[in-house]
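Asker: First the structure, which I've put down as structure tokens, then a few questions once you've had a look.
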Amino acid sequence: DSASVPWRTFEYAAGTQSISFAAAGGARITLPSAARAEWWHNQLLQNVQLDEPSGAYELCVRASATGAGSQVQISVDADAPTFAVAGGGARLQYSLAGGGAVMDACFYFALGAAAGGAPFSGRIVLDLGKVTGELSICQISLRAACDELDPPSPPPAPPPSPPPTVVCTALSGDPWAQGQNIACCGQLRSCLGDWGGDGRWHYLCLAACSDGAVDISPSPALPPTPSSLPPPPVPPPTPAPPHLPPALKSPPPVLSPSPPPTVVCTALSGDPWAQGQNIACCGQLRSCLGDWGG
């Protein structure tokens, strides 16, 4: 317990610092306007004893300074004759913003088990040789640390980005490569051909279909030339009305048949060009060109 242990000061050159303690806590130290040659040329010190000879500790200081560029060095060490830093690390140096801005800093250290379980005896050290102007110390605390010495866990890696959604097939791509028809991009044509020369016909998206390839792109593309498709079937002629004897009464007028229902897709084994324009095959049916009648 260091609460009842008085603080003391050290100055390398006499008369270079003055200190006043506030009744409510804290201290105000007046120092020269220029930094001194060494950190330890001005110090604020307090003897300390840690009854737990092993474990992790933290010394935290909250302070402000009027001088811009002021720096404080804080540590716990073993005092004379070695002045060895507790835990074997380096003393912590931190900068103050100046203008009276309050800033915090903590010095962390870990002690190993002392021979015979003896407590650690040393001192709290605030080196003030690089502070200029007035230094206000709001709070100083020395306490056991929990897991501050452990480095913080890295943030979890972000999940991998999903693959971009393919909205169309680019030049020289197979629009059926993903198991379903992904339309060719822009004005590219979906061309069916033996592209490898091995008898395996498949589709490619091209600017124009070459000779020997079949353009199966949907409207608004133009239909294939008549030379590449069989001619549409010729409807049978309309039969002439029967001749009635003059004496018989004319038969009632024949009503025009209702128009056939609109075909929205071509069923299995149907000709998608039977109506003079391309009616897409239904569902997963494929549009196949061949000499089906031999």
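The values are calculated or read from the model by the stated rules, or taken from the named source; none is laboratory data. From a predicted model like this one, the values you see are computed outputs, not experimental measurements. Don't worry about glycine lacking a Cβ; one is built from the backbone with ideal geometry, like all the others, and counts go over all protein chains shown. Protein only, heavy atoms only, side chains kept; ligands, DNA and RNA dropped before computing areas. Shrake-Rupley method; radii C 1.70, N 1.55, O 1.52, S 1.80 Å.
Asker: Given the conditions (1) over 38 Å from the mean Cα position of the chain (by Cα); (2) among the charged types (D, E, K, R); (3) within 20 Å of S141 (Cβ to Cβ); (4) open to solvent by 40 Å² or more (accessible area, probe 1.4 Å), which single one is not true for E38?
Answerer: All conditions are met except number (3).
Asker: Quick check on region 19-29. Is at least one of its residues open to solvent by less than 70 Å² (accessible area, probe 1.4 Å), more than 26 Å from G112 (Cα to Cα), assigned to a strand (DSSP E or B) and free of Cβ contacts under 8 Å to residues at least 12 places away in the same chain?
Answerer: Yes, region 19-29 has at least one match.
Asker: Quick one: would you say E58 is assigned to a loop (DSSP other than H, G, I, E, B), touching a residue at least 24 places away in the same chain (Cβ under 8 Å), under 21 Å from A145 (Cα atoms) and within 47 Å of the chain's Cα centre (by Cα)?
Answerer: In short, no.
Asker: Tell me yes or no: at least one residue of region 167-177 is within 30 Å of R62 (Cβ to Cβ) and either at pLDDT 85 or above or not β-branched (V, I, T) (or both).
Answerer: Scanning region 167-177, I find no residue that is within 30 Å of R62 (Cβ to Cβ) and either at pLDDT 85 or above or not β-branched (V, I, T) (or both), so the answer is no.
Asker: Next up: Mind listing whichever residues of region 92-132 are buried (at least 17 other Cβ atoms within 10 Å of the Cβ) and among the charged types (D, E, K, R)?
Answerer: Correct list: R123, D127, K130.
Rundown of residues vs (1) touching a strand residue (DSSP E or B) at 6+ places or on another chain (Cβ under 8 Å); (2) open to solvent by 30 Å² or more (accessible area, probe 1.4 Å); (3) under 30 Å from N47 (Cβ atoms); (4) without any contact (Cβ under 8 Å) to a residue 12 or more places away in the chain, yes/no style:
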position	(1), (2), (3), (4)
I137	yes, no, yes, no
I140	yes, yes, yes, no
P155	no, yes, no, yes
S161	no, yes, no, yes
A170	yes, yes, no, no
A183	yes, yes, no, no
G193	yes, no, no, no
G197	no, yes, no, yes
H202	yes, yes, no, no
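Asker: Another one. Show the residue pairs that are 6+ apart or on different chains and have beta-carbon atoms under 7 Å apart, the first residue being within region 62-82 and among the acidic types (D, E) and in a strand (DSSP E or B), the second being at pLDDT below 95 and exposed (fewer than 15 other Cβ atoms within 10 Å of the Cβ).
Answerer: Filtered contacts from region 62-82: D77/F83; D77/A84.
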